[in-house]
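Okay, so here's the structure we're looking at.
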Amino acid sequence: MKRTIRWMGAFAVFCWVSLFLLPAAMAVNAKYDFDHFPDMSDYDPNNIVKPEGDTIKIAIIAAFSGPAAAVGQSYLLPVGWVAHDINKRGGIMVDGKKKKIEIIIADNQNKPDVTLKVTERMILQEKVDILWGTSGSHLQKVINQLADKHKKISVNAISLSDELMDKDNFTKYAFMTCFSTEQIGRAFAYFYGQIRKKETKFYILNQDYLFGHSLAEGFKVGLKEYFPTAQIVGEDYHKLFLTDFAPYLTKIKTSGAEVIFTGDWIPDAANLLKQSRQMGVMLPFANIFLSDPTTLTEVGIEGTTGLMAISQSGTGNPVFKNEGIIKYFKVWDNLWKNKWAKPYNSLSYKYPMGALGTYMTSVYWLASVLERAGSTDPEKVIKVWEGDSYQTLGGKVMTMRACDHKMVTDLHIYEFVPPAQQKQCFNIEPYYWFEKCAGAGPVYEIPSDKAIPKADPELCKKN
């Protein structure tokens, strides 16, 4: 009883804070400019060109070597693309002159000690203007701490733990352009409890570090709020870069679970999905990162049908809403088919959407803020970005909450269906995402007020 009272008290504080932290009407201050989309035919992600002259330096801090090297590759393509787009337009007017964007690779090997060293080198030796990263909330925390120490803007486009922006870890120099763990968990709980109203038994399987535990807690908070009759029939955490999921999948088989809730990212996400299907575990995954088309194609249509993927950059159906986004997509698609070499000619990079779209949005938004601030001076950037709103290529509006620098937006959950049913989402030829795996079909909107990012009352106090 005491636990229930404590939880209800904490939830009441959360709701009180959330009410006044919602953007009034998601007004738009800036948006992507399709009218001046440049000639991108010379963009090559395997040969990122360093612009001449004085530049705006952005360090991509991520693993470019080791077991997670593919993660760094997946960041370089979209960030480099946005830089190329902006540079072909002539750059950004900051500090009294037009400057182009320079991308600098900072390989952190997915290790805390290396992250510390490479980030310090980026700041002190490379003299970067922006720190952009990274997978691993424990690693992003290191980056944010150094950003605070050296007064550099840190863009967190990937790490999702709410703790990164609580009163103990918040720094005004860090901005979280991605959604957060409790936001995701509550959105999924709202979907299953208030929209889908079918499955009731869930098994949580996450990576054993800050992000995995935070995501699980967010889901459990959401179930208490939106689906109190649901059951958590199992909960496990595994080490990073696990190769054998059999012990966990064996437990799931006998648990009575109807859905597996996971936040695993590659390579764990791919191994988990493949091994589950090999062991005959055909349960749907409520997930964030089980969307790599190379993996999905290897698993096949049957094994990927029914996946439920949440998106922060997605919109309601259909995807292609205007000629601008169609042209943008076709330019990318032509380069992917005819120019890009390994690894960027693989299925994983066929579409500038999903996770790639999220990373691109973070840099487009950053560039817009720099342009409107007219400076790379962190204090001027902060002034513009706090409370700012930006409309993405797909038409979604994202707002930066001023009190704790968290992104607020409507979320969308995509149900994966066979190719013949994907036209409702992919509304141009060939009318499906991929021929040999399931892909997004039906889409369900989770309004921002149903999954508002967790707010620390010590930071976000009502004036």
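The values are calculated or read from the model by the stated rules, or taken from the named source; none is laboratory data. Quick caveat: nothing in here was measured; it's all calculated off a predicted structure. Note that each Cβ is placed from the backbone with ideal geometry, even for glycine, and that neighbours are counted across all protein chains shown.
Taking region 397-428 as the range and being farther than 17 Å from S362 by Cα and out of contact with any helix residue (DSSP H, G or I) (no Cβ under 8 Å at 6 or more places or on another chain) as the test, the residues that pass are H412, Y414, E415, V417, A420, Q421, Q422, K423, Q424, C425, F426, N427. Take Y432 and decide whether it is surrounded by fewer than 23 Cβ atoms within 10 Å (Cβ to Cβ), assigned to a loop (DSSP other than H, G, I, E, B), outside the structural domain of P284 (by TED's automatic domain parsing) and not aliphatic (A, V, I, L, M). No.
The number of residues in region 100-143 being basic (K, R) and surrounded by 22 or more Cβ atoms within 10 Å (Cβ to Cβ) comes to 0. Taking each residue of region 230-259 that is among the aromatic types (F, W, Y) and looking for partners that are surrounded by fewer than 16 Cβ atoms within 10 Å (Cβ to Cβ) and in a loop (DSSP other than H, G, I, E, B) with beta-carbon atoms closer than 7 Å, six or more apart or interchain, yields Y237/D208; F241/P67. Scanning region 125-168 for residues that are free of Cβ contacts under 8 Å to residues at least 24 places away in the same chain and of a type outside the set (S, T, N, Q) returns K149, D168.
Go through region 173-194 residue by residue and tally those that are more than 20 Å from A257 (Cβ to Cβ) and more than 23 Å from the chain's Cα centre (by Cα). Residues in region 173-194 being more than 20 Å from A257 (Cβ to Cβ) and more than 23 Å from the chain's Cα centre (by Cα): 1 in total. Within the set K274, K321, the sole residue that is assigned to a loop (DSSP other than H, G, I, E, B), more than 21 Å from the chain's Cα centre (by Cα) and among the basic types (K, R) turns out to be K321.
May I ask you to say which residue of S375, S362, S368 is part of a loop (DSSP other than H, G, I, E, B), at pLDDT 95 or above and either buried (at least 19 other Cβ atoms within 10 Å of the Cβ) or in the same structural domain as G80 (by TED's automatic domain parsing) (or both)? Give the steps one after another, and end with the answer.
On the way: S362 fails: part of a loop (DSSP other than H, G, I, E, B); S368 fails: part of a loop (DSSP other than H, G, I, E, B).
Answer to the selection: S375.
Among the residues of region 416-429, none qualifies, meaning not one is in a loop (DSSP other than H, G, I, E, B), within 24 Å of K151 (Cβ to Cβ), under 24 Å from the mean Cα position of the chain (by Cα) and not hydroxyl-bearing (S, T, Y).
From the list D244, D264, the lone residue that is of a type in the set (D, E, K, R), outside any strand (DSSP E or B), closer than 28 Å to I158 by Cα and over 25 Å from the mean Cα position of the chain (by Cα) is D244. Among the residues of region 194-211, those identified as buried (at least 20 other Cβ atoms within 10 Å of the Cβ) and touching a Ser or Thr at 6+ places or on another chain (Cβ under 9 Å) are Y203, I204, L205, N206, Q207, L210, F211.
Only one of K117, K127, K99 is in a loop (DSSP other than H, G, I, E, B) and of a type in the set (D, E, K, R). Can you tell me which? The match here is K127.
Considering only residues of region 166-193 that are among the aromatic types (F, W, Y) and surrounded by fewer than 24 Cβ atoms within 10 Å (Cβ to Cβ), which is farthest from H138 (Cα to Cα)? Spell out the reasoning first.
The initial filter retains those residues of region 166-193 that are among the aromatic types (F, W, Y), namely 170, 173, 175, 179, 188, 190-192.
Among the residues that remain, those that are also surrounded by fewer than 24 Cβ atoms within 10 Å (Cβ to Cβ) are: 170, 173, 190.
Details: F170: 14, Y173: 17, Y190: 28 Å.
Filtering region 166-193 for residues that are among the aromatic types (F, W, Y) and surrounded by fewer than 24 Cβ atoms within 10 Å (Cβ to Cβ), the one farthest from H138 (Cα to Cα) comes out as Y190.
Residue check: is D410 surrounded by fewer than 23 Cβ atoms within 10 Å (Cβ to Cβ) and touching a strand residue (DSSP E or B) at 6+ places or on another chain (Cβ under 7 Å)? Against the criterion (surrounded by fewer than 23 Cβ atoms within 10 Å (Cβ to Cβ) and touching a strand residue (DSSP E or B) at 6+ places or on another chain (Cβ under 7 Å)), D410 qualifies.
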